[in-house]
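Scroll down for the structure; my scribbles are underneath it.
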Amino acid sequence: MKKLSTIGLYGLLALALAFGLVAVPTRAADHLDAPGLTPPGGDTRLDITDVYAFQSPSNPSNTVLVMGVNPLAGVLNDGTFRSGASYELKIDSDGDAKEDLTYKVTFSAPDGSLQQGVTLRRIPAGGGGSVLAKGQTNQNISIPGGGWIRAGVFDDPFFFDLNAFLTVDFCNPGTNFFNGLNISAIVLEVPSSWHGSSNIGVWARTLLNDQQVDRMGRPAINTVFIPNNPFEPKGTEPSQKNAFNGGKPRNDQRDFRGEVVDTLEIFYGAGNPTVDALADFLLPDILTVDTSSLAGFPNGRRLADDVIDIELGLVTNGAVTSDCVASDSAFTNSFPYLAPKN
Amino acid sequence: MNKRKAILLLFFILAILVHSRSNGPSVDAAGLPYAEDINGDTLVNIPPVNDAIKSFQDRIRRNPKDAVSYTILGDLYIRQARETGDVSGYQRAEAALLQALDLFPGYAPARALLASVYYAQHDFNQALDLAEQVYESNPNNTSAQVIIGDAQLSLGNYQQAETIYQELRKTDATPPVLARLAHLQELKGNPNEALHLIRLAAGDALRSGGSRESVAWYLLRVGDMYFNMGQIKESGAYYEASLRVFENYHLALAGLGKVRAAQGKYDEAIDYYQRAINIVPQPDFLAALGDIYMLTDQTDEAQLQYKTVEYIGKLAELNKQIYNRQLANFYSGHDLHVKEALRLALAELESRKDIYGYDAAAWAYYKNGKFEEAQSLMNQAMDLGTRDAYLYYHAGMIALRLRDEAQAREYLEQALTINPHFSILHPDEARTILETLQAAEAK
């Protein structure tokens, strides 16, 4: 039991970061006391929370891509996007872990009522590209040729009983911690035919001054597998998290496979073939989806997919199947699908 | 797979899922723009802390077992205390964090925050104890590591603090860590290295786009370091930049008050200090305002400020704990209640042997006519080689009373070289004494 609580504790440490508990500077009355540690990069507006990819519920020939940023929007920040930064959704159409198409979204500085100009560009593999659509935040902007984009503050679609996880007390009765919390998100719906294949890989990244700040594909690989992670077998070692955040999926197997393997071996034992199989699956960090299918996670990720329950079932071979929390967000079947902000 | 392994793996996967939300951005260090070009347009606006507090109070009302929300609420109360200067926020933070720990006793983020509350309340030993416990069971908890370093520094254990900061720099060379290393260099008497580090920190914070308040703090520290080196114009430019980034920032307003006083623009200085005091009536702001009134022959106004210093300093137990050193220095610096000044300074030196603790006690001894004791403690205060004009001024005055004229002259010359504007009231006195000493030697 002791081991269990230790593991639980580590998860919590992760949460501390996730919710910016250490992000807010802490200072004493003496003004020489420096701020507390900030999240890497220091700007929650560039911090990716989740990535979703699924067939459009309102038009089967369209694909919906969602990129969340700004955890605890409205508490840690005003929910705006960083002007001058790029928010990109990358599509790999041929399974080589290189982007064949990029949707790039940029924002103007917020005005007095926090409205921002939104510009969507479509950039082919070779670069160049053109403006697809322009508009304002918190409005549906139509894309010529089919589809929509909307960027703004929404209800956080993620759901999980965080306190039950802390106290190792699931289903008593089960409360969604994320109920009532917000994120900022970019929701994009485009014709699936634009991607050249129905089997695509998706990842999101943020850039500032042409430098990649954060990236994500699947519900996350970085903080647990990449040093310094809570399960690092070698104990404390120099952080590679920034390197991972700044890296390209195509190099993940080369650069980070060893880190994934050494962490997995803690749970499976050295030499277990499952370790290699899992490492093949987990890297590169790309969310794969067959857009001709309505199925959800692990086929892409839909908003209401209970990723936690699915993982629970998989990992325990059906012994534990739920944290007794379901999505309580008012998702809709029409664009932009996410529930309005709380 | 056996059951135990399965459960471990389950938690592992959950940790991954939840952890994914913390994949923060990465940014490298960069130079700091000219002060005039800094306006903070790209920085994030944090909504009013009181709104956030209310929303988390509501969450707790709905689910009184929500340990995480209690922890976030604790963090918000800390922010409230910092922004308003009302230190009772730390007591509310402590209560919320203790609730979180009651619900989940091992919750490391709550424990680390609680350690930071103890630190903010100047209970450095308790902060150190708790942060060390957190760090011991979670060697990856850099927040706990930072608190350990800060508490060691405040307790005067400079070597231990430096070891921790250097260790943090290897894995986390972010503005908060650079700012701490800058302060260490300042204490060790390397002002140029300190300035370089704090400029790096400020440039990085500005580029990576943290909160307005935190970026304003780094710019403020750039201003402080220029001021302490006697570069008043540069100092003023960075205090102004800090104020542009974070409107009505009380520390930047007081900084500008200090700069205008050094420039002899007393009306402007009074205005800046009054604005700072309207936001947060810190004892050191009130004392400085009183000094400017004194200097401009507005004695009644000066006395009013001085009385308020005493009042604020004694308002509550917590104020006493946080402000006792400021109060001791105020008494010594204004020849008021010098016995009480000595009592306060010695009491604090008992628990906290840092260089400014030695300085406060030395100066209080001096004001009580005990010059031998004063000198012995002053030597300890100067042990790190800190290039602080105030320390040299105190050391010079003590040497003078011990009839070591050569030493007194050297220290006073140093004080005026380091920063001719080191204090509102004393530079003229130091200059006059120095001239007398120089004249005496010339004979």
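Numbers below:
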quantity: Within the stretch A:202-214, tally of residues that are surrounded by fewer than 24 Cβ atoms within 10 Å (Cβ to Cβ) and part of a strand (DSSP E or B); calculated: 4
quantity: Hey, A:Val118 of a type in the set (Val, Ile, Thr) and surrounded by 18 or more Cβ atoms within 10 Å (Cβ to Cβ) or not; calculated: yes
quantity: Subset of the stretch B:352-390 (residues that are over 21 Å from B:His337 (Cβ atoms), small (Gly, Ala, Ser) and surrounded by fewer than 18 Cβ atoms within 10 Å (Cβ to Cβ)); calculated: B:Ser376, B:Gly385
quantity: Single residue of the stretch B:125-139 satisfying the filter (of a type outside the set (Gly, Ala, Ser) and surrounded by 22 or more Cβ atoms within 10 Å (Cβ to Cβ)) that is nearest to the other protein chains (Cβ to nearest Cβ); calculated: B:Asn138
quantity: Subset of the stretch B:166-180 (residues that are surrounded by fewer than 24 Cβ atoms within 10 Å (Cβ to Cβ) and more than 8 Å from chain A (Cβ to nearest Cβ)); calculated: B:Gln166, B:Glu167, B:Leu168, B:Arg169, B:Ala173
quantity: Candidate set from the stretch B:38-74 (those that are at pLDDT 90 or above and charged (D, E, K, R)); member that is nearest to the chain's Cα centre (by Cα); calculated: B:Asp51
quantity: Some residue of the stretch A:145-164 being free of Cβ contacts under 8 Å to residues at least 40 places away in the same chain, more than 25 Å from B:Gly209 (Cβ to Cβ) and not hydroxyl-bearing (Ser, Thr, Tyr); calculated: yes
quantity: Evaluation of A:Ser142 against (1) of a type in the set (Gly, Ala, Ser); (2) surrounded by 15 or more Cβ atoms within 10 Å (Cβ to Cβ); (3) modelled with pLDDT of 95 or more (one fails), failing number; calculated: (2)
quantity: Close pairs (8 angstrom Cβ cut-off, 6 or more residues apart or separate chains): among the basic types (Lys, Arg) in the stretch B:155-181, outside any helix (DSSP H, G or I) and surrounded by 23 or more Cβ atoms within 10 Å (Cβ to Cβ) anywhere; calculated: B:Arg180/A:Ala34
quantity: Lone qualifier among B:Gly385, B:Gly396 - being of a type in the set (Gly, Ala, Ser) and over 30 Å from B:Phe124 (Cα atoms); calculated: B:Gly396
quantity: Residue match in the stretch B:243-261 (condition: within 12 Å of another protein chain (Cβ to nearest Cβ), of a type in the set (Ser, Thr, Tyr) and under 20 Å from A:Arg45 (Cβ atoms)); calculated: no
quantity: The stretch B:392-443, residues that are assigned to a loop (DSSP other than H, G, I, E, B) and at pLDDT below 90; calculated: B:Ser423, B:Ile424, B:Leu425, B:His426, B:Lys443
quantity: Neighbours by Cβ (under 8 Å, 6+ apart or cross-chain): first from the stretch B:96-124, more than 23 Å from B:Lys320 (Cβ to Cβ) and facing chain A (nearest Cβ under 8 Å); second surrounded by fewer than 24 Cβ atoms within 10 Å (Cβ to Cβ) and at pLDDT 95 or above; calculated: B:Tyr107/B:Leu101
quantity: Subset of the stretch B:29-68 (residues that are of a type in the set (Ser, Thr, Tyr) and within 8 Å of another protein chain (Cβ to nearest Cβ)); calculated: B:Thr42, B:Ser55
quantity: Residue match in the stretch A:268-281 (condition: of a type outside the set (A, V, I, L, M), within 23 Å of A:Ser184 (Cβ to Cβ) and either in the same structural domain as A:Ser58 (by TED's automatic domain parsing) or at pLDDT below 85 (or both)); calculated: no
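The values are calculated or read from the model by the stated rules, or taken from the named source; none is laboratory data. If you're wondering where the values come from, they're calculated on a predicted model, not measured in any experiment. Here the Cβ is made from the backbone with ideal geometry for all residues, glycine too, and neighbour counts use every protein chain on show.
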